[in-house]
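To keep things clear, I will list the structure first and then write my remarks on it.
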Amino acid sequence: MIITTDRAFARSIQSHMEATYPGMKVLLANNLMMAYNQAEAAQPVFAFVEDGFTKLPEFEMMLALFSALDTRWVAVMDSAGATPARTSSPLLNVGAGIFELTKTDTPQQFSQYFDMMVKAPRRDQSGAGKRSGGANAAATDFKKIILIGSSTGGVEALRSVLVGFPALCPPTLIVQHTGKNFGQGLVSLLDRICAAKVVPAEDNMKLEPGHVYIAAGQRRHMGMTQRKPMRARLKEGPPISGHIPSVDALFTSAVPYGKEVVATILTGMGQDGAKGLLALRNAGATTFAQDEKSSVVYGMPRVAWETGAAEKQVSLARMAGTLLQAAKA
């Protein structure tokens, strides 16, 4: 796959790769939405990505999809003297994409890099599968609902958390800051790896065990109705804490349920969610924040911790188990 707006460059590399590797089909995409849809359908083994695209907030979704599919990728610079986006982006400074090619490199150099990367050891896929993840647990084991808020770096963090959830997990509501066109993509991505059913949040949807409800990329805030049975509520309104949907809106709406709630803030920029998390803690909820070491951006979790909204900081590796254990109390 080649993701670029430079048609001449794309055609040159496409022709070379397809001639060098008979039977290979090289996909071309000139925007991230097109690239995401193509990658989800075709599951490419490798992608050349124009560096400008890696600077966009929406590229976080591409990174998460590449990770889920084990798709290798490399940034392609306009010239050798250009400054790569990874030097200023915490998302790109870890994991894949740490090397760059340039458009001035020869097609042969592109195929050599491709050979090197696709022949590198791939992660063990044994036992992989959407419904195989998560510890076994009965719905009756859980007494509380789980609320999660996340932003920058949150897509990969959510993957890490939800892969540890059992098929009959507590009702879980998530607000993730992402581009307006990527909400459904996020739902599909998380549903691919989660043992529970991941669905886009809809107004008046009953909150049930074994379901994860996602609000992302939409122009409505997600909250909870104020009477039982618990239902999701989607409501239009101005930005809250700078965002639509807002983590603060979700957390604040759950305050009446207090002791029946477990809530956490994952990696992210800004402070959305801290006020709502504090209100939840004061109402008797169990509250957490991702720790600094495991956060891509220690912004939202920092504010939650420093204001006393989170009663404990938890590493990403331990977050799923911590949330599930707290939901049993």
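The values are calculated or read from the model by the stated rules, or taken from the named source; none is laboratory data. Remember, it's a predicted structure, so these values are computed and weren't measured experimentally. Reconstructed Cβ throughout: ideal geometry from the backbone, glycine too, with neighbour counts over all protein chains shown.
Filtered by the rule that a residue be crowded, with 21+ Cβ neighbours inside 10 Å and closer than 23 Å to SER295 by Cα, the range 47-62 gives PHE53, THR54, PHE59, GLU60, MET61, MET62. Going by the conditions given, is PRO44 buried (at least 17 other Cβ atoms within 10 Å of the Cβ), within 24 Å of GLN108 (Cβ to Cβ) and at pLDDT below 90? Answer is no for this residue.
Exactly one residue out of ILE174, ILE193 is modelled with pLDDT under 90 and of a type outside the set (S, T, N, Q), and it is ILE193. Looking across ALA201, ALA274, one residue alone is of a type in the set (Gly, Ala, Ser), touching a Leu at 6+ places or on another chain (Cβ under 8 Å) and surrounded by 19 or more Cβ atoms within 10 Å (Cβ to Cβ). It is ALA201. The set of residues in the range 300-326 that are part of a loop (DSSP other than H, G, I, E, B), in contact (Cβ under 8 Å) with a residue 40 or more places away in the chain and either surrounded by fewer than 20 Cβ atoms within 10 Å (Cβ to Cβ) or not assigned by TED's automatic domain parsing to the domain that holds GLU156 (or both) is empty. I'm trying to understand the selection: among the residues of the range 144-168, which are in contact with a strand residue (DSSP E or B) (Cβ under 9 Å, 6 or more places away or on another chain) and in a helix (DSSP H, G or I)? Selection gives GLY154, VAL155, ALA157, LEU158, VAL161, LEU162. The residue that is surrounded by the fewest Cβ atoms within 10 Å (Cβ to Cβ), counting only those in the range 169-198 that are assigned to a loop (DSSP other than H, G, I, E, B) and not hydrophobic (A, V, I, L, M, F, W, C), is LYS180.
The set of residues in the range 1-27 that are closer than 13 Å to PHE46 by Cβ, among the aliphatic types (A, V, I, L, M) and either in contact with a strand residue (DSSP E or B) (Cβ under 7 Å, 6 or more places away or on another chain) or in a loop (DSSP other than H, G, I, E, B) (or both) comprises MET1, ILE2, ILE3, ILE13, MET24, VAL26, LEU27.
Residue check: TYR213 meets all listed conditions (1) touching a helix residue (DSSP H, G or I) at 6+ places or on another chain (Cβ under 8 Å); (2) at pLDDT 95 or above but one, namely (1).
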